[in-house]
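Input: a single structure, listed below in structure tokens.
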Amino acid sequence: MNIHEYQGKAVLKEYGAPVSAGFPALSVAEAVEAAKKLPGPLYVVKSQIHAGGRGKGKFKELPADAKGGVRLAKSIEEVESHAKEMLGNTLVTAQTGPAGKQVNRLYIEDGSDISKEFYLSALVDRETSRVAFVVSTEGGMDIEKVAHDTPEKILTFSVDPATGIMPHHGRTVAKALGLGGEQAKQAATVLGQVYAAFVGKDMAMLEINPLIVTTQGQVKCLDAKVSFDSNSLYRHPELMELRDETEEDAKEIEASKHDLAYIALDGTI
Ligand code: ADP
Ligand code: MG
């Protein structure tokens, strides 16, 4: 089961991981209210759909040179005009397919001054039966492209479930990201928090792209793409409330009512 970015960040926050302040919004008025609760002067208006690549995405209904599905705003008025342009429109990204997805929710987030963008993800590695991490200095980019063009810039390692995250994992990640001192410590802490969230909530995949260091030297999770192992949802009734059926395939929803693990495919079957 997939969830929205803002919900994923709320889960990460439960485990202490550093995320920005923000509020979801279902209407332009709610977006303005949300922005008023944030300190400013930089805000980010983020489309909430179950797909990545939103920043570089395009809205079907807007001119080709219009901004994408993640937009910076320097005033409440700008938050309002972005919200108006985005809500109800169809965002097409590299991950939505050509049909795109209608944006029905926004996340209004405190803007960060980004110094560096990294990539961090965790997944279940079936080969080793462990949680594996993928880490790269090339954040904010398409990780498949990085893996293809510059595989040396990607570090992967798996974690022994008996020990969990160890100090050496933190040092390895900090070194791979070129971090020292205070940032290395913060990165190691975040790694432990992310692992705890992953295991604690039975996640299947967690992608933080980008993980950033701000110009003030703070490590932060700026994006969060989370999916849970559907077979373990019975253990987490609180997660069922995060489900957004408008984002799911109607056939999969119907199948799930009958306890079937059904995955809809493209084409005519
Ligand atoms: P997606 O991966 O779907 O494009 P992201 O959440 O990664 O969406 O946002 C795209 C880009 O927008 C990020 O790589 C980052 O540069 C910028 N961005 C996102 N959130 C913020 C924020 N809170 N403050 C400043 N910049 C942000
Ligand atoms: Mg991202």
Next on the checklist: Suppose only helical runs count, i.e. DSSP H with n ≥ 4. What mean residue ellipticity at 222 nm does that imply for the chain under -39500 (n - 2.57) per run, divided by all residues and rounded to the nearest 500 deg cm²/dmol?
Outcome noted: -8500 deg cm²/dmol
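How big is the charge dipole of the chain about its Cα centre, in debye rounded to the nearest 20, if each Lys and Arg gets +1 on its Cβ and each Asp and Glu gets -1 on its Cβ? Present the calculation step by step, with values, prior to reporting the outcome.
Values: 30 positive and 38 negative charges, 122 e Å.
Computed charge dipole of the chain: roughly 580 debye.
Given a Förster radius of 41 Å and the C-beta distance between ALA29 and ASP229 as r, what FRET efficiency does 1/(1 + (r/R0)^6) yield to the nearest 0.05?
Numbers: r = 37 Å, r/R0 = 0.90.
Here the calculated transfer efficiency is 0.65.
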Checklist entry - Can you list the HN-Hα couplings for segment 236-245, worked out from phi with the Karplus curve (6.51, -1.76, 1.60; θ = phi - 60°), rounded to whole Hz and with x for Gly and Pro? => result 10, x, 5, 6, 4, 5, 7, 5, 10, 5
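What percent do you get for the relative contact order of the chain when only Cα pairs under 8 Å and 6+ apart count?
21 percent
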Checklist outcome for this item: Along segment 170-180, Karplus-curve 3J(HN,Hα) (6.51, -1.76, 1.60; θ = phi - 60°) to the nearest Hz, with x for Gly and Pro, reads x, 5, 4, 5, 4, 5, 4, 8, x, 9, x
Next on the checklist: Cut-off 10 angstrom, C-alpha nodes, Gaussian network model of the chain. Which of HIS82, HIS168, HIS258 fluctuates the most?
Outcome noted: HIS258
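Find the accessible area per residue for segment 68-119; the probe is 1.4 Å, ligands and nucleic acids are left out, and the unit is Å².
Numbers: 2330 Å² over 52 residues.
Per residue, segment 68-119 has an accessible area of 45 Å².
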Checklist entry - When only DSSP loop residues count, what GluC sites (Glu not before Pro) in segment 9-99 have their Cβ near at most 14 other Cβ atoms within 10 Å? => result GLU61
Item to check | Cross-link pairs LYS101/LYS201; LYS13/LYS225; LYS116/LYS185; LYS58/LYS84; LYS37/LYS74 - those with Cα-Cα distance over 18 Å | outcome: LYS101/LYS201
Next on the checklist: At 4 °C and a viscosity of 1.567 mPa s, what translational diffusion coefficient does Stokes-Einstein give for segment 142-268, taking Rh as the Kirkwood radius over Cα pairs? Give it in µm²/s as a whole number.
Outcome noted: 75 µm²/s
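Assuming 0.36 nm per residue, please report the length gained on full extension of the stretch GLU238 to ASP125 beyond their Cα-Cα distance. Mind showing how you got there, number by number?
Working: separation 113, 0.36 × 113 = 40.68 nm, distance 2.56 nm.
My answer for the length gained is 38.1 nm.
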Checklist outcome for this item: Normalised per residue, the volume inside the convex hull of the alpha-carbon atoms of the chain in Å³ amounts to 151 Å³
Next on the checklist: Considering only protein heavy atoms and a probe of 1.4 Å, how much of the accessible area of the chain is carbon and sulfur, as a whole percent?
Outcome noted: 54 percent
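The values are calculated or read from the model by the stated rules, or taken from the named source; none is laboratory data. Note that the coordinates shown come from a computational prediction; the quantities given were computed from them, not determined experimentally. Neighbour counts run over all protein chains shown; Cβ positions are idealised from the backbone, glycine included. The accessibility values were calculated without ligands, DNA or RNA, using every heavy atom of the protein model including side chains. Shrake-Rupley method; radii C 1.70, N 1.55, O 1.52, S 1.80 Å.
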